[in-house]
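Structure, as structure tokens:
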Amino acid sequence: MAARQDSLARGLVYVGVAVFFFATSPVLIRWAAPFSGFEITFGRMAVAALTVLLYALLTGKRVTLGHRDAGRFLFYGLVTALHFFLYTASLSYTTIAHSLALVYTAPIFVTVLAAIFLREPITGRQYLGLAVAIFGVALLTGFEPAMTPTMAFGDALAIGSAICFGIYSVVGRHERSHYPLLSYAFGVYAVAAVWLAFPALAHPTTQGITAVSVLAVLALGVFPLGLGHTLYNASLRRVHPTYVNLIATQEVTGGVILGYFLLGETPSLSSLVGAGVTLAGIMIVLLCRAENTETGAKDARPEVAGS
């Protein structure tokens with residue numbers, strides 16, 4: 001019992017630190033300008049893969065992936081690359097509050113996709129949670145006084161990012177029981193970087209690059225991704241995924257706060273209300289999922305990581 005409680009405590013600490021790292025992501029992406037979305041995402045993926053590999057070497061742990069793993073990791077890497085690219089690109093068109101709140105609708109898509117492809121039924125209260133979350137998105141986007149076609153495009157990119165991670169989660173959860181943490185993380189990050197290499201290097205940015213923009217890309221790879229996402233996955237091995245997801249939603253709060261203090265980006269009242277309602281709906285879905293699991297219902301729904 002003591003060992004189990006210690007493992008639980010470690011898991012909660014891991015996700016708490018991970019969320020702190022996640023929250024730095026939107027500010028760092030803004031600081032990474034003038035690099036393109038493809039360049040930023042490629043850079044952070046490559047740096048994250050190297051970060052995980054370096055940690056594995058320093059701690060004497062092996063990163064083992066064979067040629068038979070190539071096919072599945074090509075797909076996982078592609079979907080992961082799309083998730084991070086769409087999220088990164090969205091921040092060039094919409095606000096931090098909009099982007100983060102919409103990306104965190106990923107549990108909605110996980111729940112719906114699991115019902116369609118894994119034949120896992122959705123309970124009445126989960127339908128209620130989905131309705132609340134969708135209403136929150138309507139508040140977030142439909143009642144935004146500063147809404148423009150450009151912001152709407154950014155919001156669409158953020159929703160695309162959420163859908164991509166929902167797909168990745170549904171098809172990839174079971175692999176996390178087949179691969180050691182560092183092997184899985186390295187494989188996904190490295191293959192995602194390979195997918196992004198051509199579009200990133202085809203039209204490289206040559207003007208306006210500063211030390212700040214370069215350091216921002218490096219920091220994105222080391223902190224939100226290399227450390228944050230890997231700690232998040234480590235937490236999932238110790239704590240019920242539902243509770244990890246609930247803690248992870250606080251990336252929205254942290255990201256908005258850092259955006260306000262470091263970028264002077266003040267969210268509108270409709271953004272704050274819409275984000276709050278959306279998160280409330282997502283929490284209803286996740287808590288109903290936890291209740292179903294604890295009462296013996298089959299729970300194969302995957303976890304949803306932050307960005």
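Within region 157-173, is there a residue that is open to solvent by 10 Å² or more (accessible area, probe 1.4 Å) and under 18 Å from L272 (Cα atoms)?
The answer is yes; a qualifying residue exists.
Just to be sure I understand the filter: pairs with C-beta atoms under 7 Å, separated by 6 or more residues or on different chains, first member in region 36-51 and free of Cβ contacts under 8 Å to residues at least 12 places away in the same chain and buried (at least 22 other Cβ atoms within 10 Å of the Cβ), second member of a type in the set (D, E) and in a helix (DSSP H, G or I). Which pairs pass?
Short answer, once both residue conditions are applied: none.
Tell me, yes or no, whether region 280-295 has at least one residue that is under 18 Å from S169 (Cα atoms), at pLDDT 90 or above and in a helix (DSSP H, G or I).
No, region 280-295 contains no residue that is under 18 Å from S169 (Cα atoms), at pLDDT 90 or above and in a helix (DSSP H, G or I).
Say we look at region 135-156 and pick out the residues that are modelled with pLDDT of 85 or more and open to solvent by 40 Å² or more (accessible area, probe 1.4 Å); which of these is nearest to L287 (Cα to Cα)?
Of everything passing the filter in region 135-156, F135 is nearest to L287 (Cα to Cα).
Please count how many residues of region 57-69 are farther than 12 Å from Y184 by Cα and either assigned to a helix (DSSP H, G or I) or within 24 Å of the chain's Cα centre (by Cα) (or both).
5
Working only within region 102-128, note down all residues that are in a loop (DSSP other than H, G, I, E, B), of a type in the set (V, I, T) and open to solvent by less than 40 Å² (accessible area, probe 1.4 Å).
Those that are in a loop (DSSP other than H, G, I, E, B), of a type in the set (V, I, T) and open to solvent by less than 40 Å² (accessible area, probe 1.4 Å): T105, I122.
If we keep just the residues of region 267-283 that are surrounded by fewer than 19 Cβ atoms within 10 Å (Cβ to Cβ) and hydrophobic (A, V, I, L, M, F, W, C), which is farthest from R125 (Cα to Cα)?
L269
When you go through (1) touching a helix residue (DSSP H, G or I) at 6+ places or on another chain (Cβ under 8 Å); (2) hydrophobic (A, V, I, L, M, F, W, C); (3) within 20 Å of F223 (Cα to Cα) one by one for L57, which number turns out not to apply?
(1)
Tell me, yes or no, whether region 85-101 has at least one residue that is among the β-branched types (V, I, T), in contact (Cβ under 8 Å) with a residue 24 or more places away in the chain, open to solvent by 20 Å² or more (accessible area, probe 1.4 Å) and not in a helix (DSSP H, G or I).
Residues of region 85-101 among the β-branched types (V, I, T): 88, 94-96.
Within this subset, residues satisfying the condition of being in contact (Cβ under 8 Å) with a residue 24 or more places away in the chain are 88, 94-96.
Keeping just the survivors that are open to solvent by 20 Å² or more (accessible area, probe 1.4 Å) gives 95.
Narrowing further to those that are not in a helix (DSSP H, G or I): 95.
The answer is yes, given that some residue of region 85-101 is among the β-branched types (V, I, T), in contact (Cβ under 8 Å) with a residue 24 or more places away in the chain, open to solvent by 20 Å² or more (accessible area, probe 1.4 Å) and not in a helix (DSSP H, G or I).
Open to solvent by 20 Å² or more (accessible area, probe 1.4 Å), more than 20 Å from T41 (Cα to Cα) and not in a loop (DSSP other than H, G, I, E, B): does that describe R176?
Criteria met by R176.
Give the residue that is farthest from L140 (Cα to Cα), with candidates limited to residues of region 247-266 that are open to solvent by 30 Å² or more (accessible area, probe 1.4 Å) and modelled with pLDDT under 90. Step through it out loud before you land on a result.
If we filter region 247-266 for residues that are open to solvent by 30 Å² or more (accessible area, probe 1.4 Å), which is where we start, we get 247, 250, 253, 257-258, 260-266.
Filter once more, so that each one left must be modelled with pLDDT under 90: 247, 250, 253.
Numbers: I247: 21, Q250: 17, T253: 15 Å.
Filtering first and then ranking leaves I247.
Given the residues T206, T141, which is the only one that is of a type in the set (S, T, Y), in a loop (DSSP other than H, G, I, E, B) and either touching an Asp or Glu at 6+ places or on another chain (Cβ under 7 Å) or free of Cβ contacts under 8 Å to residues at least 60 places away in the same chain (or both)?
T206
The values are calculated or read from the model by the stated rules, or taken from the named source; none is laboratory data. As the structure is a computational prediction, the values presented were derived from the model and not from experiment. Cβ atoms come from the backbone with ideal geometry, glycine included; neighbour counts cover every protein chain shown. The area values use the complete protein model at the heavy-atom level, side chains included, leaving out ligands, DNA and RNA. Shrake-Rupley method; radii C 1.70, N 1.55, O 1.52, S 1.80 Å.
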